Amino acid sequence: KWYEKAAQLGDADAQFALARVYKEGRGVPRQDTHRALDLYRQAGAQGHVEARFLLGKNLMFYPWRGEEAVAWLIQAAKQNHLEAQYWVAEAYAEGKLTKRNDAQAQYWLLRAELQMEQEAPEWLQRAVTNLLAKVRSQTSEHDENIAKLLLMEHMGLMDAGRKQFFCRHLPEQCPFPH
């Protein structure tokens, strides 16, 4: 009851906790996946990283909602959610939930690899390593370079002047919004 009241008042943590209750069907009259997804969406809209991740991961099971799933996973991945980074990379590598994009797949895998040593469970380390090897074997040199540029931008190594220079001289390859 407390979670319900706090969730109605817009508390993201309560919305997230209540979403899990409805998803698992514990402490409520019945399991309600649609209510859970709605609560994850509310918490995610407020920046709750785990809600964004679980919403995206749950939406993956609805193929017609693939783009929405990837969008939520990207939001979590941008907040350095390691497993979200893997699933975003997988979506881009396989092209099932979104348009295939080897450069984006490699970029998200490289980001995951950067933070993986300290905090990843063994299964995720293997999954990232295996998918990265697969993507690298299928990726053109151009896409690999784009992935590296995006990673450099993420790491703060691409200032506005460098981005403008790159995009001015190679506009068709520019990965940065302009």
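Could you sort out which of Lys134/Lys163; Lys78/Lys148; Lys96/Lys163; Lys96/Lys134 sit more than 19 Å apart by Cα distance in this structure?
Among Lys134/Lys163; Lys78/Lys148; Lys96/Lys163; Lys96/Lys134, the Cα-Cα distance tops 19 Å for Lys134/Lys163; Lys96/Lys163.
How much mean residue ellipticity at 222 nm does the chain get from its helices, if each DSSP H run of length 4 or more adds -39500 (n - 2.57) and you divide by all residues, to the nearest 500 deg cm²/dmol?
Helices in the chain give a 222 nm mean residue ellipticity of -23000 deg cm²/dmol.
Output the direction-averaged projected area (hull surface divided by four) of the convex hull of the alpha-carbon atoms of the range 17-92, in nm².
Numbers: hull surface 18.9 nm².
Its average projected convex-hull area is 4.7 nm².
Tell me the accessible surface of Glu90 in square angstrom (1.4 angstrom probe, heavy atoms of protein chains only), to the nearest ten.
Roughly 50 Å² of Glu90 is accessible to a 1.4 Å probe.
Tell me the volume per residue, in Å³, of the convex hull enclosing the alpha carbons of the range 62-114.
Given the Cα convex hull of the range 62-114, per-residue volume reads 57 Å³.
Got a sec? What order do Val88, Val28 fall in by accessible area at 1.4 Å, biggest, i.e. largest, first?
Working: Val88 0, Val28 30 Å².
Descending order: Val28, Val88.
Place +1 on the Cβ of every Lys and Arg and -1 on the Cβ of every Asp and Glu in the range 107-178, take the dipole about the Cα centre, and give the residue among Leu132, Gln173, Leu109 whose Cα lies farthest towards its positive end.
Gln173
Lys57: which aspartates and glutamates have alpha carbons under 19 Å from its alpha carbon, excluding same-chain residues fewer than 8 sequence positions away?
Partners within reach: Asp13, Glu24, Asp32, Asp38, Glu67, Glu68, Glu83, Glu90, Glu94.
First obtain the Kirkwood hydrodynamic radius of the range 121-161 from its Cα pairs, then insert it into the Stokes-Einstein equation at 20 °C and 1.002 mPa s, and state the resulting D in µm² per second as a whole number.
Translational D for this selection: 182 µm²/s.
From Cα coordinates alone, what are the radius of gyration and Dmax values for the range 22-143 in angstrom?
Expressed in Å, the Cα Rg and Dmax of the range 22-143 come to 15.2, 55.
Working with all protein chains in place, sort His169, His154 by solvent-accessible area computed with a 1.4 Å probe, largest first.
His169, His154
The values are calculated or read from the model by the stated rules, or taken from the named source; none is laboratory data. None of these values were measured; they are calculated from a predicted model. Because the Cβ atoms are built from the backbone with ideal geometry, glycine has one as well, and the counts that use them run over all protein chains shown. SASA here: full protein model, heavy atoms, side chains in, ligands and nucleic acids out. Shrake-Rupley method; radii C 1.70, N 1.55, O 1.52, S 1.80 Å.
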